[in-house]
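The values are calculated or read from the model by the stated rules, or taken from the named source; none is laboratory data. The shown structure was predicted, so the numbers you read here are calculated from the model rather than taken from an experiment. Because the Cβ atoms are built from the backbone with ideal geometry, glycine has one as well, and the counts that use them run over all protein chains shown.
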Amino acid sequence: MILRANCKINIGLDVLRRREDGFHELSTVMYPVQGLYDTLTVVRSEEMTFKQTGICVDCPTEKNLCVKAARLMQRCYGVDNVAITLDKRVPFGAGLGGGSSDATAVILAMNELFDLSLSEQELTARAAELGSDTAFFVRNTPQLCTGRGEVMTPIALPLAGLWLVVIKPEVSVSTAEAYGGVKPFVPEVSLDVLLARPIEQWQGVVKNDFEAHIFKSHPLLGNLKQQLLDAGAIYASMSGSGSALFGIFDCRPEINFDSTIFTHIEQL
């Protein structure tokens, strides 16, 4: 079975408070980026194997989220081994959810391969055990995500026909770095209310709470965001905990970054 594991962007991200379980309460909209994806091949096998091509991720096999997902499905449902091949194209350390998407793809594949017929609720519950944004990829449609990211409500955004530019410089931001410097705050106006405004009114009010301190530590990221705006982006932001940034444009932009910066452009 071959699956495309697309990534996502975060449109707005409010870090509301720190929870007693050590996680943070969030409010963010996750939006799928269909044209930027990893490719996974998952087949039944006599032994559990994992092979990776494409972008090299320096991670022990048993700690890779794909393998963790497969092990989780074995523990929960007693299914057999699988052989997983991952062709990695989505940059990591980027806030794009590439690893989470890969893990969810393995769950979905094993659900089909072993005829488990799991409900969306069950699939979401399993995915949520692996990370805060993993469950999103079960639905893979625009969602207002709360809790630690796993509580989802569908949301309609007027982005069809617009153009998306995603960029990722060589610098990466770890989750620990992102959360270590953030200051939780509950805004007066909730994110869903702000996003109900025309997209031309989003910039400056629909914010990513990680940007303030990450841009201080990595000024290149702030400079790149400004370059997107200078190029005509209606809205630009960092995605998730970074270091990828994105801009939304009303037409395909003529924008060129140097060869060290990963660039993806697609029409929404």
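Numbers at a glance
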read-out	value
Answer from ALA135, ALA176, ALA94 - the residue that is under 13 Å from the mean Cα position of the chain (by Cα) and closer than 29 Å to PRO219 by Cβ	ALA94
Checking GLU170 against (1) modelled with pLDDT under 95; (2) surrounded by 12 or more Cβ atoms within 10 Å (Cβ to Cβ), the condition it does not meet	(2)
Test result for VAL43, more than 18 Å from GLY131 (Cβ to Cβ), at pLDDT 95 or above and in the same structural domain as VAL138 (by TED's automatic domain parsing)	yes
Number of the exception - HIS24 against (1) under 30 Å from GLY204 (Cα atoms); (2) crowded, with 22+ Cβ neighbours inside 10 Å	(2)
Of all residues making up the stretch 216-268, the number that are crowded, with 18+ Cβ neighbours inside 10 Å and in a helix (DSSP H, G or I)	4
Residue within the stretch 160-182 that is assigned to a loop (DSSP other than H, G, I, E, B), in contact with a Lys or Arg (Cβ under 8 Å, 6 or more places away or on another chain) and either touching a residue at least 40 places away in the same chain (Cβ under 8 Å) or farther than 20 Å from ASN6 by Cα (or both) present	no
Out of VAL206, VAL193, sole residue that is in contact with a helix residue (DSSP H, G or I) (Cβ under 9 Å, 6 or more places away or on another chain) and hydrophobic (A, V, I, L, M, F, W, C)	VAL206
Some residue of the stretch 38-47 being part of a helix (DSSP H, G or I), buried (at least 16 other Cβ atoms within 10 Å of the Cβ) and polar (S, T, N, Q)	no
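Here's the yes/no breakdown for (1) part of a strand (DSSP E or B); (2) at pLDDT 95 or above:
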{"site": "ARG17", "(1), (2)": "yes, no"}
{"site": "TYR31", "(1), (2)": "yes, yes"}
{"site": "ALA69", "(1), (2)": "no, yes"}
{"site": "ARG75", "(1), (2)": "no, yes"}
